[in-house]
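Computed from the coordinates by the stated procedures, all read-outs in this text should not be read as laboratory data. Predicted model, so just to flag it, every value in this text is computed and none were measured. Note: ideal-geometry Cβ built from the backbone for every residue, glycine included; neighbour counts use all protein chains shown.
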Amino acid sequence: MLERVLAFLRGGTIGFNKPELLLLDSVIGALPEEESDVLRKQVQSVSLVQRHDSGRLVAAYYPKRSSVPLLPYPGYEYCLAKVSYRLNETTRTTNVVLHDGKLMTLERNVPRRNERIDEIVNVSPHPGDYKPVAQEIDAEAHGGNA
């Protein structure tokens with residue numbers, strides 16, 4: 001109970017919601033076994049999830065003292081997978097992004113808590129055409145000052 005209150009005070013929840021977990025589970029299922037085990041452990045270790053900018057950016061945080069296994073993809077932003085899904089007869093795509101080998105964000109078209117995903121259409125591991133959404137959000141919020 002205390003964890004939920006603390007997460008609420010930090011503007012988030014203690015974990016991913018059901019639609020977000022469905023996207024992450026589809027990525028886990030598309031990865032090689034060793035990588036899927038690491039990603040599963042990371043998802044289970046998350047202690048705070050914050051949702052920003054109406055479903056465009058969901059950020060995951062881990063307890064300070066946790067030692068979470070890392071995926072072998074270093075770098076500040078590495079798109080582990082693009083997940084295409086159907087929601088209300090519309091196909092949307094969400095990026096699953098790592099920061100220094102650790103799951104950190106879901107970007108673009110992240111389904112909300114009360115939305116029901118009709119089906120996962122496609123999971124594309126390691127896409128080459130990833131563009132970070134954070135810079136777009138900053139530019140929209142601050143214009144030329146971002």
Relative contact order (percent) for the chain, with alpha-carbon contacts under 8 angstrom and 6 or more residues of separation?
-> 23
Partner aspartates and glutamates whose C-alpha sits under 19 Å from that of Lys131, ignoring same-chain residues fewer than 8 away, are Asp53, Glu77, Asp100, Glu107, Glu140
Where in the stretch 33-89 are there trypsin sites (Lys or Arg not before Pro) that are in a DSSP coil and have at most 11 other Cβ atoms within 10 angstrom of their Cβ?
-> Lys64, Arg65
Highest mean first, what order results for 108-117, 69-78, 20-29 on Cβ atoms within 10 Å?
-> 20-29, 108-117, 69-78
Options (i) 20, 20, 18; (ii) 24, 18, 15; (iii) 26, 21, 11 are given for semi-axes √(5λ) of the Cα gyration tensor in Å, and the computed one is (i)
Toy charge model, Lys and Arg Cβ at +1, Asp and Glu Cβ at -1: the chain dipole around Cα centroid in debye, rounded to 20, equals 540
Ordered by residue, what ³J(HN,Hα) values in Hz, to whole numbers, does the stretch 120-134 give under the Karplus form 6.51 cos²θ - 1.76 cosθ + 1.60, where θ = phi - 60° and Gly and Pro are x?
-> 7, 8, 7, 10, 10, x, 6, x, x, 10, 6, 10, x, 8, 4
The simple spin-label model distance between Tyr76 and Glu115, using points 7 Å out along Cα→Cβ, in nm, is 2.8
